[in-house]
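Peer 1: Quick one: the structure is below, questions incoming.
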């Protein structure tokens, strides 16, 4: 899914969502950006986005030149969502 800036420029693509399992909340969108021969992944703090289902894109409040100001994804810091994370999310004291 493409991420589109307020000026209708392509910011990158949605490459994932970082979820805090204990809090049961999404925290970041992972933005994949390809520049020349490199690919970088950045953490965009979760803010309201506008979904355009027809064109399969998300409108975000970020311009392509602002990507470098975001933290880069450190895969070691955010391991994949595990079965243990699922149990924690389902049975945490915050569960409804």
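Peer 1: Just to be sure I understand the filter: pairs with C-beta atoms under 8 Å, separated by 6 or more residues or on different chains, first member in the range 61-82 and within 29 Å of residue 7 (Cβ to Cβ), second member modelled with pLDDT under 90 and part of a loop (DSSP other than H, G, I, E, B). Which pairs pass?
Peer 2: As it stands, the answer is 61/47, since those pairs meet every condition given.
Peer 1: Something else: If I ask for residues that are touching a residue at least 12 places away in the same chain (Cβ under 8 Å) and over 26 Å from residue 86 (Cβ atoms), which ones from the range 22-41 would you list?
Peer 2: 33, 34, 40, listed by residue number.
Peer 1: Still on this structure: Regarding residue 31, is this residue on the phi < 0 side of the Ramachandran plot, at pLDDT below 90, surrounded by 14 or more Cβ atoms within 10 Å (Cβ to Cβ) and within 15 Å of the chain's Cα centre (by Cα)?
Peer 2: Judged against the criteria, residue 31 is not a match.
Peer 1: So which residues in the range 40-49 are loosely packed, with under 13 Cβ neighbours inside 10 Å and at pLDDT 90 or above?
Peer 2: Answer for the range 40-49, where residues must be loosely packed, with under 13 Cβ neighbours inside 10 Å and at pLDDT 90 or above: just 45.
The values are calculated or read from the model by the stated rules, or taken from the named source; none is laboratory data. Just so it is clear, the model here is predicted, and its values are computed rather than measured. Positions of Cβ are generated from backbone atoms using ideal geometry, with glycine treated the same way; all protein chains shown enter the neighbour counts.
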